[in-house]
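What follows is one structure encoded as structure tokens, with my remarks underneath.
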Amino acid sequence: MKEKEATVDYKEHQLVLYVEKKDGSYGPVRTGSYITKNYIDDFWYKRNNMEVEYGEKIRAGEISPIAYYMILEELTPSELAARVGISARKVKRHLMPRHFGTLTLDELMRYCGVFNIPLPNMFQEIVTDKKNVKIGMEKTDNPFFSVLRIRAARK
């Protein structure tokens, strides 16, 4: 790739590429990310639509919280099974609401560890209509206790 072709004006996401310079030598060039500049809005639009769609499915009882988080984390049942340390067959059962109730506390905690969420998030959704409010759930050292922190969003 030539230096002229690699130049992208996007300061929010910078990277270094090694390209052919004007004098024929190769070297590093700092530039913006072409993919981020041109496709990040589309990615966030699709991601938001996916969260809304699967949020409706979980509220309707069509999928379990395990399925919801697995989809958002872009994991397959086999990948999730390997990370949780149980069989893929068992993970597939836990994706259905009727089998979600058969989870042991230990299995549930391992799922939470993989998804990096506190235990209460498996059982609730937090929604706000305020645009200037940021809600965050924080883990504590106690696996049965978390902190829900509500703050004014930074401008």
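For residue 89, the stated conditions hold: it is surrounded by fewer than 15 Cβ atoms within 10 Å (Cβ to Cβ), more than 22 Å from the chain's Cα centre (by Cα) and closer than 28 Å to residue 112 by Cα. Could you check, for the range 139-152, whether at least one of its residues is under 18 Å from the mean Cα position of the chain (by Cα) and either among the acidic types (Asp, Glu) or at pLDDT 85 or above (or both)? For the range 139-152, residues under 18 Å from the mean Cα position of the chain (by Cα) and either among the acidic types (Asp, Glu) or at pLDDT 85 or above (or both): absent.
Can you spot a residue in the range 95-102 that is surrounded by fewer than 17 Cβ atoms within 10 Å (Cβ to Cβ), among the basic types (Lys, Arg) and either without any contact (Cβ under 8 Å) to a residue 12 or more places away in the chain or touching a Ser or Thr at 6+ places or on another chain (Cβ under 8 Å) (or both)? Scanning the range 95-102 turns up at least one residue that is surrounded by fewer than 17 Cβ atoms within 10 Å (Cβ to Cβ), among the basic types (Lys, Arg) and either without any contact (Cβ under 8 Å) to a residue 12 or more places away in the chain or touching a Ser or Thr at 6+ places or on another chain (Cβ under 8 Å) (or both). Residues in the range 84-93 include at least one that is touching a Ser or Thr at 6+ places or on another chain (Cβ under 7 Å), closer than 30 Å to residue 125 by Cα and free of Cβ contacts under 8 Å to residues at least 60 places away in the same chain.
Residues are listed down the side, and each one gets a yes or a no for (1) in contact with a Ser or Thr (Cβ under 9 Å, 6 or more places away or on another chain); (2) in the same structural domain as residue 117 (by TED's automatic domain parsing); (3) without any contact (Cβ under 8 Å) to a residue 40 or more places away in the chain; (4) under 30 Å from residue 84 (Cα atoms):
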{"residue": "7", "(1), (2), (3), (4)": "yes, no, yes, no"}
{"residue": "13", "(1), (2), (3), (4)": "yes, no, yes, no"}
{"residue": "18", "(1), (2), (3), (4)": "no, no, yes, no"}
{"residue": "24", "(1), (2), (3), (4)": "no, no, yes, no"}
{"residue": "28", "(1), (2), (3), (4)": "no, no, yes, no"}
{"residue": "48", "(1), (2), (3), (4)": "no, no, yes, yes"}
{"residue": "55", "(1), (2), (3), (4)": "no, no, no, yes"}
{"residue": "67", "(1), (2), (3), (4)": "no, yes, yes, yes"}
{"residue": "73", "(1), (2), (3), (4)": "no, yes, no, yes"}
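Filtering the range 63-86 to residues that are closer than 26 Å to residue 46 by Cα and surrounded by fewer than 13 Cβ atoms within 10 Å (Cβ to Cβ) leaves 74, 76, 78.
Scanning the range 103-138 for residues that are surrounded by 16 or more Cβ atoms within 10 Å (Cβ to Cβ), touching a Ser or Thr at 6+ places or on another chain (Cβ under 9 Å) and of a type outside the set (A, V, I, L, M, F, W, C) yields a count of 2. Here is the figure for the range 21-49: residues that are modelled with pLDDT of 90 or more and in contact with a helix residue (DSSP H, G or I) (Cβ under 7 Å, 6 or more places away or on another chain) total 0. Restricting the range 36-54 to residues that are more than 14 Å from the chain's Cα centre (by Cα) and surrounded by 13 or more Cβ atoms within 10 Å (Cβ to Cβ), the residue that is farthest from residue 119 (Cα to Cα) is 37.
Summed over the range 55-67, residues that are touching an Asp or Glu at 6+ places or on another chain (Cβ under 9 Å) and of a type outside the set (Lys, Arg) total 4. Among the residues of the range 1-28, write down those that are of a type in the set (Asp, Glu), in contact with a strand residue (DSSP E or B) (Cβ under 7 Å, 6 or more places away or on another chain) and closer than 20 Å to residue 41 by Cα. 9, the sole residue that qualifies.
The values are calculated or read from the model by the stated rules, or taken from the named source; none is laboratory data. Keep in mind the model is a prediction, meaning the values are calculated, not measured. Cβ: placed from backbone, ideal geometry, glycine included. Neighbour counts: every protein chain shown.
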